Amino acid sequence: MAGYKANQIEAGRAPLETALRQDHWWLEPVLVVGSLTLFSIYALWRAWEGAYFSGLQALQSGASWAPAYLSPFYSPPVHEWFPHLAASMHISPAFFVLLFPLSFRATCYHCRRSYYRAFFLDPPACAMAEPCAQRRKAYTGESAFPFILQNLHRYALYAILVVVVFHFLHLYDACFVVHKDGSRHFGIGVGTLIFALDTALLSLYVFSCHSWRHLIGGGLNRMSAAPIRSMIWTVVSSLNTRHGLYFWLSLVTVGIADAYVRMVASGAITDFRII
Amino acid sequence: MRDKIQLRVYRGDASGGETKEYAVDTYPGMVVLDAIREIQASQDGSLACRWNCKAAKCGSCSAEVNGKPRLMCKTRVEEVYDAAGVITVHPLKSFPIIRDLVVDVSWNYKMAETIAPLSVPDDVPRPFRMQQADVSRVQEFRKCIECFLCQNVCHVLRDHNRKDGYYGPRFMVKLASLDMHPLDDQNRREFLHETAGIGFCNITKCCQEVCPEEIKITDNAIIPSKERVADVYYDPVRMLLRRLRRS
């Protein structure tokens, strides 16, 4: 990787290359760019498609019953609340919904770490020279526009909490099948398990968030004066150590949940029933 | 493990120098600092290197081993030599060099002097009595040995040289330990925001990755401090509530 010498940054430093790592430092940025790009393309395509987001759509293609699955890309169900809004704006309802998780993930501390490294090469890896550091104007980080807006992460957190509630509601719905005559019966399918896994991992991701950790007790200096908040803070702190893992796992499961609903809704597969 | 390794060590100062190769015999448990001292003892006594405890507690022997900031006394040679048995040892690259592996880290001490020490109101009875639950959090920060590996790897200082605006991770830890202290009465958030430049940090967590004391610098010091600063400077609802309370 093109580097520069340390004394080009500041007089008096050693005249040595600043990028000398010989390990596989490039692997992480490559994986991050690849996975986030793939997910973004898939999510954009699914949002644009505006179809096959409800398991009940299988009824329209002649099935006698269908599971009450709703794709996480279309939850909360804006299309049910404002059926004419999206149509009048010629836009898929998913775009209204995706703003919530997108803003939360984009301002998430773990995601920021990943994309600053992988997409902005700022830096590409620890102790590896930034390719354009010398050509850039004065570095300002998150102290100036646009990245100063990252400080509003807590508002994205409030929004995603609503999404988590809806995930639980849709998990409850996923425990039922709807018959052609409109009757509902309890039943567990493979999709229910996928929804349960997705809801659990999204919850772990959201409730291990650094902003949540701060709001729940991180602002306290006297933990002994608020024992309940202190106890919750300790639990959240423990979850927080795996926040990055939950970020990636929940990203994968939300994609799998949507893909499964699409396959069921389009009639490509029939939901395998367990109960 | 190889019987012999080649050490490529920078010899020179700011005006110039070269990376010289030395062959060193190895033994079980040998660390990079042992190899450097072996060179000093038997091959070249003029090689300059700062070290003291050889137990990863004094923070003196910081260097860049194969391009990664590490304590030489905590780095086993068999973990870092390549297929040809070569290890490259360079001085820290974010600070002015004095000679060979010794750099001038005095900028850090100047920054430390600008941070007001713990300030406890006069009416708090001495000696201080605090509950463990109140101090557990800041005890982690007291593990810092001031090796300045975090300062060296921080790209704000290393690549952008913004020493004019950002204090660096070591002092984010110091300020967090004071701001979270149950007895401190100073306004650390204003200092963090206005003077120490916490906004410059874009939380790429390299400081945390290189910390030999395994302090969760970013997760436990910088991000919580960023959130505390956001409470004061970036949260419109809290700002409005504060204004309403005052009026």
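The values are calculated or read from the model by the stated rules, or taken from the named source; none is laboratory data. Everything numeric in this text was worked out from a predicted model, so none of it was measured. Reconstructed Cβ throughout: ideal geometry from the backbone, glycine too, with neighbour counts over all protein chains shown. Only protein heavy atoms, including side chains, enter the accessible area calculation; ligands, DNA and RNA are left aside. Shrake-Rupley method; radii C 1.70, N 1.55, O 1.52, S 1.80 Å.
Look at B:MET111 and say whether it is hydrophobic (A, V, I, L, M, F, W, C), surrounded by 16 or more Cβ atoms within 10 Å (Cβ to Cβ), in the same structural domain as B:PHE191 (by TED's automatic domain parsing) and at pLDDT 95 or above.
Spelling it out, B:MET111 is indeed hydrophobic (A, V, I, L, M, F, W, C), surrounded by 16 or more Cβ atoms within 10 Å (Cβ to Cβ), in the same structural domain as B:PHE191 (by TED's automatic domain parsing) and at pLDDT 95 or above.
The residues in the stretch A:78-109 that are over 30 Å from B:THR218 (Cβ atoms), under 23 Å from the mean Cα position of the chain (by Cα) and without any contact (Cβ under 8 Å) to a residue 12 or more places away in the chain can be counted, and the count is 1.
Yes or no, residue by residue, for (1) of a type in the set (Phe, Trp, Tyr); (2) modelled with pLDDT under 95:
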residue: A:LEU20; (1), (2): no, yes
residue: A:GLU28; (1), (2): no, no
residue: A:PHE39; (1), (2): yes, no
residue: A:ALA51; (1), (2): no, yes
residue: A:GLN57; (1), (2): no, yes
residue: A:PRO72; (1), (2): no, no
residue: A:VAL78; (1), (2): no, yes
residue: A:HIS90; (1), (2): no, yes
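Kindly provide the set of residues from the stretch A:43-74 that are within 23 Å of A:ARG105 (Cβ to Cβ), out of contact with any helix residue (DSSP H, G or I) (no Cβ under 6 Å at 6 or more places or on another chain) and aromatic (Phe, Trp, Tyr), ordered by number. Result: A:TRP45, A:TRP48.
If you go through the stretch B:71-101 and keep only what is closer than 14 Å to B:LEU7 by Cβ, surrounded by 20 or more Cβ atoms within 10 Å (Cβ to Cβ), more than 7 Å from chain A (Cβ to nearest Cβ) and not aliphatic (A, V, I, L, M), you end up with B:THR75, B:TYR81, B:ASP100. Total residues in the stretch B:165-221 satisfying the condition of being assigned to a loop (DSSP other than H, G, I, E, B), at the interface with chain A (Cβ under 9 Å from one of its Cβ atoms) and not hydroxyl-bearing (Ser, Thr, Tyr): the figure is 12.
Residues in the stretch B:164-203 that are free of Cβ contacts under 8 Å to residues at least 60 places away in the same chain, among the basic types (Lys, Arg) and open to solvent by 30 Å² or more (accessible area, probe 1.4 Å): B:ARG189 alone.
Look at A:ALA68 and say whether it is within 30 Å of A:ARG273 (Cα to Cα), surrounded by fewer than 21 Cβ atoms within 10 Å (Cβ to Cβ) and modelled with pLDDT of 90 or more.
yes
Residue count for the stretch A:3-16 under the criterion of being touching a residue at least 24 places away in the same chain (Cβ under 8 Å) and of a type outside the set (Ser, Thr, Tyr): the result is 3. Kindly check whether there is at least one residue in the stretch B:184-193 that is at pLDDT 95 or above and within 30 Å of A:GLN8 (Cα to Cα). Yes, that holds for at least one residue. Scanning the stretch B:119-140 for residues that are among the acidic types (Asp, Glu) and either within 14 Å of another protein chain (Cβ to nearest Cβ) or in a helix (DSSP H, G or I) (or both) yields a total of 2.
Taken together, the residues in the stretch B:1-16 that are on the phi < 0 side of the Ramachandran plot and either among the polar types (S, T, N, Q) or free of Cβ contacts under 8 Å to residues at least 60 places away in the same chain (or both) amount to 3. The set of residues in the stretch A:218-241 being surrounded by 14 or more Cβ atoms within 10 Å (Cβ to Cβ) and assigned to a loop (DSSP other than H, G, I, E, B) consists of A:GLY219, A:LEU220, A:ASN221, A:ALA226. Looking across the stretch A:236-263, the residues that are among the hydrophobic types (A, V, I, L, M, F, W, C) and farther than 17 Å from A:ALA196 by Cα come down to A:VAL236, A:LEU239, A:LEU245, A:MET263. The set of residues in the stretch B:1-53 being surrounded by fewer than 12 Cβ atoms within 10 Å (Cβ to Cβ), in contact with a Ser or Thr (Cβ under 9 Å, 6 or more places away or on another chain) and either farther than 21 Å from B:GLU78 by Cβ or within 14 Å of chain A (Cβ to nearest Cβ) (or both) consists of B:ASN52 alone.
Checked against (1) of a type in the set (Gly, Ala, Ser); (2) more than 11 Å from chain B (Cβ to nearest Cβ); (3) out of contact with any Ser or Thr (no Cβ under 9 Å at 6 or more places or on another chain), A:ALA225 passes all but condition (2). Screening the stretch A:113-217 for helices (runs of 4 or more DSSP H) wholly inside it with 2 or more residues that are more than 22 Å from A:LEU99 (Cβ to Cβ) and under 16 Å from the mean Cα position of the chain (by Cα) returns the ranges A:190-207.
The set of residues from the stretch A:163-184 being in contact (Cβ under 8 Å) with a residue 24 or more places away in the chain, closer than 20 Å to A:ALA94 by Cβ and among the β-branched types (Val, Ile, Thr) comprises A:VAL163, A:VAL164.
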